[in-house]
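Remarks on the structure that follows.
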Amino acid sequence: MDRKLKTGRLTAPSLALAVSTAIAGLTLAPATTSAAPRADVSFENAQAALAKGKIAKAIQHAEAAVLANPREPSYRALLGAAYLEDGRFAAASTSFADAMELGDNAPRTVLSFALARIALGDSRGALGVLDEHAGSIDPADLGLALALAGQPERGVHVLINAVRSAEQSTPKLRQNLAYSYALAGNWRAAQVMAAEDVSADQLQARLAQWAEQAAPEMYQQRIASLLQVTPRADAGQPQALALANFPDPAMLAAATAQTSASDSEMAFADPVEVASPAPSPGFTAAFAANEAAPAAVSAPAYGDDAGAPRFVSNPVVQQLAAAPAAAPRAAAPRLPAPRMAASVSQRRMAAPAVAAPADKGPATHLVQLGAYNSRAEALQGWTMLQGKFPQLKGRKPTITQALVNGRTFWRVAAEGFTATGAKSMCGTVKSAGRGCFAYAAATPPAGAVKRDVQVASRSR
């Protein structure tokens, strides 16, 4: 799929860097002994593999899902997420662009496409799509993405406004602002803001890491470090999956009908003898220049648009083998698109993970992590929370019954924190999209029934 930057709107980019010379990998080869799995089954298998960190399996299943139902945007988006986790930025860019072309304009898809374009050196393409969808993107993500795309001052402006307007700023918001300050060269402000969440003994190491990646030509390393992936040599998405191979059946039928009508009119027209002059020198020179053009465009330096890949309106990004014309097939029934689980989607936009400061001092505080409808659910919730947040390993949970507005809940809290440690722990939990608040053991939350249940911590 090609995208074209025009008047600030992103249509299909010609991903010259993503052109594949092979038709398809072994993962796309159809089985000779059994039928290919259904698209929705492959999609669910890809989600499960991605959640477990089995990236190669996730790619294999996601490619199979796309091949089985090529015009389902959620399948394309999940394939892009798998490519991104594998450090294959060119393939990821193509897949996310295809998903957007098919109607998936979810913020995470837009952000992931922008990250992939930045990693390829296409800051102009990333800024175009960010501008187009700025209203739907979380300011914490938008600000950092703008800074990574070569406009750090603009990113700082967005993040400062978000900090001022937020009821309670989060570590993610503060650290994205600190990183944007660093990319803008304002190291004093970066140090002050980073110190809000990074312990003193780790602050200089964090700033040194940012300094190593601050050079303009380090655009790919910045994205790889942000996503915690290793960049790979990437020829792009397999040609067999190119969206141009699977035109919209309705549009294809309309085009065929129009062609048939034109042919009918020509059948009754009087034959006209037309001379066949030799091609003009200008015409010949134009095609000669096209044949001499290189097949790919090298990635420009960060923020430099002069060498960026060209954007064209031609919807075909890979060379397709010629095939005899065939009557259009009836549209296959569209399967309902399973919702992509947030836990296996593209990584969140955030600065590198913030290490929790040393938790020294009296353990006077608890951190409430959730409320459940029953004690059994609360116990299951605690087990899940321990798996999601390694900082809870070894902590002793407290499960408390509470009565609020006539309804009984079971609250789950982790004990043994200092006031500072509890605040830091809550910041980590909130940055992952969950609710959390800290409180002193001497002043429990309102509504608590005096039936605290302490559960022995189990080693994992």
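The values are calculated or read from the model by the stated rules, or taken from the named source; none is laboratory data. From a predicted model like this one, the values you see are computed outputs, not experimental measurements. Counting neighbours? That spans all protein chains shown, and the Cβs are built from the backbone with ideal geometry, glycine included.
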| request: Quick one: which helices (runs of 4 or more DSSP H) lie wholly within the range 91-149 and hold at least 1 residues that are farther than 26 Å from SER431 by Cβ? | output: 123-132
| query | Counting just the residues of the range 44-74 that are in contact (Cβ under 8 Å) with a residue 24 or more places away in the chain and among the charged types (D, E, K, R), which one comes out nearest to ARG88 (Cα to Cα)? | reply | GLU63
| Do we find that ALA145 is in the same structural domain as ALA92 (by TED's automatic domain parsing), closer than 27 Å to GLU101 by Cα and at pLDDT below 95 in this structure? | no
| task | Count, please, the residues in the range 395-407 that happen to be surrounded by fewer than 19 Cβ atoms within 10 Å (Cβ to Cβ), in contact (Cβ under 8 Å) with a residue 24 or more places away in the chain and farther than 15 Å from ALA422 by Cα. | result | 4
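Can you say whether ALA211 is out of contact with any strand residue (DSSP E or B) (no Cβ under 6 Å at 6 or more places or on another chain), among the hydrophobic types (A, V, I, L, M, F, W, C) and free of Cβ contacts under 8 Å to residues at least 40 places away in the same chain, as far as the supplied structure shows? Quick ask: steps written out before the conclusion?
Numbers: out of contact with any strand residue (DSSP E or B) (no Cβ under 6 Å at 6 or more places or on another chain): yes; among the hydrophobic types (A, V, I, L, M, F, W, C): yes; free of Cβ contacts under 8 Å to residues at least 40 places away in the same chain: yes.
Answer is yes for this residue.
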| Enumeration of residues in the range 375-425 that are within 30 Å of ALA200 (Cβ to Cβ) and either part of a loop (DSSP other than H, G, I, E, B) or touching a Cys at 6+ places or on another chain (Cβ under 7 Å) (or both) | PHE389, LYS393, GLY394, ARG395, LYS396, THR418
| Applying the selection to the range 433-443, what residues are surrounded by 14 or more Cβ atoms within 10 Å (Cβ to Cβ) and modelled with pLDDT of 85 or more? | CYS436, PHE437, ALA438, TYR439, ALA441
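I need the full set of residues from the range 87-124 which are among the basic types (Lys, Arg) and surrounded by 24 or more Cβ atoms within 10 Å (Cβ to Cβ), in order please.
Of all residues in the range 87-124, those among the basic types (Lys, Arg) come to 88, 108, 117, 124.
Across the range 87-124, the qualifying residues are ARG88, ARG117.
Among the residues that make up the range 208-223, is at least one of them part of a helix (DSSP H, G or I) and either of a type in the set (Val, Ile, Thr) or outside the structural domain of ALA90 (by TED's automatic domain parsing) (or both)? Spell out the reasoning first.
As a first pass, look at the range 208-223 and keep what is part of a helix (DSSP H, G or I): 208-212, 216-223.
Cutting the leftovers down to either of a type in the set (Val, Ile, Thr) or outside the structural domain of ALA90 (by TED's automatic domain parsing) (or both) gives us 223.
For the range 208-223, residues part of a helix (DSSP H, G or I) and either of a type in the set (Val, Ile, Thr) or outside the structural domain of ALA90 (by TED's automatic domain parsing) (or both): present.
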| request: Kindly indicate whether GLY155 is on the phi > 0 side of the Ramachandran plot and in contact with a helix residue (DSSP H, G or I) (Cβ under 9 Å, 6 or more places away or on another chain). | output: no
